[in-house]
Amino acid sequence: QVQLVESGGGLVQAGASLRLSCAASGRTFSNYIMGWFRQAPGKEREFVAGISRSGSMTYYVDSVKGRFTISRDNAKNTVILQMNSLKPEDTALYYCAAGPSFVTDPGRYDYWGQGTQVTVSS
């Protein structure tokens with residue numbers, strides 16, 4: 001079992017940066033693909049970024065490419081989402097998730113954090 005806790009969200013102006021952190025508890029953190037998802041009011045949950053077990057491969061939704069960076073530190077059981085050049089359309093509740101394979105389908109992820117709110121004003 002893996003337990004995930006997100007932090008780092010907040011209210012910022014467009015163009016600002018935020019660093020989201022996901023702290024994981026569990027003895028086999030390195031065995032999991034880690035991903036970030038977001039959900040805005042009235043919309044479906046959306047894949048944002050994912051990272052392989054070793055951290056050597058990453059994948060991003062087109063809308064955040066060049067602005068967001070996902071990374072992980074298996075020794076510290078953490079995964080990071082560095083978000084730069086934030087836009088109002090990035091406003092959402094952001095979730096950290098862990099799954100068994102490198103996929104973008106939220107249904108394939110087994111563990112979820114409770115979310116951290118990101119609000120970007122213009």
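The phi-based Karplus calculation (6.51 cos²θ - 1.76 cosθ + 1.60; θ = phi - 60°) puts the 3J(HN,Hα) values of the range 30-41 at 5, 7, 10, 6, 10, x, 10, 10, 9, 9, 8, x Hz, whole numbers, x for Gly and Pro. Modelled spin-label separation between S56 and S30, with each label point placed 7 Å from Cα along the Cα-to-Cβ direction: 1.3 nm. Would you mind counting up the charge near I33? Only other residues with Cβ under 14 Å from its Cβ, with Lys and Arg at +1 and Asp and Glu at -1. Surrounding charge for I33 is +1. Each Cα pair under 8 Å and six or more residues apart adds its separation to the average, and for the chain the resulting relative contact order is 36 percent. Near F102, once Lys and Arg are set to +1 and Asp and Glu to -1 for all other residues with Cβ below 15 Å from its Cβ, the sum equals +1. Using a probe of 1.4 Å, the accessible surface attributed to V12 totals some 30 Å² when neighbouring protein chains are kept in position. The average projected area of the range 52-122, computed from the convex hull of its Cα atoms over all directions, is 5.3 nm².
Taking 0.36 nm per residue of sequence separation and removing the Cα-Cα distance, the K87/S71 pair yields an extension gain of 3.7 nm.
Phi-derived couplings, Karplus 6.51 cos²θ - 1.76 cosθ + 1.60 at θ = phi - 60°, listed residue by residue for the range 109-122: 9, 8, 10, 9, x, 8, x, 9, 7, 10, 10, 10, 9, 10 Hz, with x used for Gly and Pro.
Å³ per residue of the Cα convex hull, for the range 83-122?
It is 83 Å³ per residue.
Counted by Cβ distance under 13 Å from V64, the other residues give a net charge of 0, where Lys and Arg count +1 and Asp and Glu count -1. Gyration tensor analysis over the Cα atoms of the range 1-104 returns equivalent ellipsoid semi-axes of 22, 14, 13 Å (largest first, whole Å).
The values are calculated or read from the model by the stated rules, or taken from the named source; none is laboratory data. Just so it is clear, the structure is predicted and the values come from calculations on it, not from any experiment. Every residue, glycine as well, gets a Cβ built from its backbone with ideal geometry; the counts of neighbours run over all protein chains shown. Side chains included, ligands, DNA and RNA excluded: accessible areas come from the protein's heavy atoms. Shrake-Rupley method; radii C 1.70, N 1.55, O 1.52, S 1.80 Å.
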